[in-house]
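Working notes for the structure below.
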Amino acid sequence: MDVKVEMIIVYIGGELFQVPEGSTIIMAMEYAGFQLKKGVGCREGYCGACATVYREKGDYKLKGSLACQTVVTDGMTIAMIPFVPAEKPLYDLNDLTPDVGTFTQLFPSVFRCVSCNTCTKACPQDIEVMDYVQALIRGDIAKAADISFDCIRCGLCALRCPAEIVQYNAGILARRLYGKYLAKRSPELDERLKELEEGKYIKEIDELNKMPHDKLSEKYYSREIKIS
Ligand code: SF4
Ligand code: SF4
């Protein structure tokens with residue numbers, strides 16, 4: 001039995017295309033003939049490469065999302081943002097301390113935050129971005145590291161911030177500082193790292209590397225999760 005696919009209209013970079021209803025933005029762009037060499041990665045919502053802005057028909061709001069996770073709607077206008085230019089200071093973690101002074105020095109922009117919450121609304125990961133920026137301002141590195149943990153560095157928060165803060169680069173510094181100076185040591189993790197260094201898992205890692213994507217996906221989603 002033939003399945004009839006409805007077609008809808010979208011505007012990509014201002015040009016009109018007909019694409020199948022139900023497509024994600026990435027699928028729609030490829031259907032329309034775009035070869036995505038940049039701005040596409042895992043296609044599963046994890047890598048943050050496919051940041052996109054769009055407007056839906058009749059809606060005044062400019063929305064941001066990941067193109068692999070967003071389904072097109074009729075009349076949608078789309079523009080991909082493959083890269084957001086961002087302030088990224090160089091530092092050596094060994095020279096830093098896990099406190100507010102480090103951010104005063106390396107990311108003075110975070111202190112310009114006007115608490116507008118635009119970054120939180122822009123985040124496709126539903127991260128409370130403003131809260132982690134505020135935690136940095138208070139010098140609460142552990143809180144900032146915790147709140148920003150799921151950041152995929154898509155750049156959409158920085159793109160919309162009126163204070164031109166690069167939240168995600170400040171967030172990753174918080175997580176690095178937390179990991180190096182504040183996190184409790186885990187004997188289990190130390191043991192596992194030692195095993196890795198000794199090559200105990202080379203065979204398994206090699207098998208995973210060679211596994212077809214569908215089998216790898218099946219194995220991942222059916223894994224046993226131990227919560228202690
Ligand atoms: S915090 Fe910013 S960079 Fe990170 S996922 Fe959210 S919008 Fe993207
Ligand atoms: S968008 Fe910028 S100024 Fe507004 S709350 Fe977020 S970090 Fe602060």
What distance in nm separates the simple spin-label points at C116 and K194, each placed 7 Å from Cα in the Cβ direction? 5.3 nm
Surface/4 of the Cα convex hull for the stretch 93-182, nm²: 4.9 nm²
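Working from the pairwise distances between different alpha carbons, so that the mean of 1/r is found and then inverted, what is the stretch 7-80's Kirkwood radius in Å?
Values: mean 1/r = 0.0830 Å⁻¹.
When all Cα pairs of the stretch 7-80 are included, the Kirkwood radius is 12.0 Å.
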Cα centroids of the stretch 146-202 and the stretch 64-128: how far apart, whole angstrom? 15 Å
Mean ellipticity per residue at 222 nm, deg cm²/dmol - from DSSP H runs of n ≥ 4 across the chain, formula -39500 (n - 2.57): -9500 deg cm²/dmol
Using a Cα-Cα cut-off of under 20 Å, which aspartates and glutamates could be cross-linked to K121, ignoring same-chain neighbours fewer than 8 residues away? E56, D59, D131, D146, D150, E164
Defining a contact as two alpha carbons under 8 Å apart and six or more residues distant in sequence, what relative contact order in percent does the stretch 7-80 show? 40 percent
Rg/Rg_ref, the chain, where Rg_ref = 2.2 N^0.38 Å and atoms are Cα: 1.22
Report, ordered by chain and residue number, the lysines lying within cross-link reach of K203, taken as a straight Cα distance under 27 Å and ignoring same-chain residues fewer than 8 apart. K194, K215, K219, K226
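Using mean Cβ contacts within 10 Å as the protection proxy, how do 8-21, 134-147 order, highest first? Write out the running numbers ahead of the final one.
Working: 8-21: 14.9, 134-147: 19.5.
Descending mean neighbour count gives 134-147, 8-21.
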Packing-based order for 208-214, 98-104, using average beta carbon neighbours within 10 Å, highest first: 98-104, 208-214
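Here, each number is a calculation from the coordinates, and none is a lab measurement. Because the structure is predicted, anything quoted here is derived from the model rather than measured. Ideal geometry is used to build each Cβ from the backbone, glycine not excepted, and the neighbour counts take in all protein chains shown.
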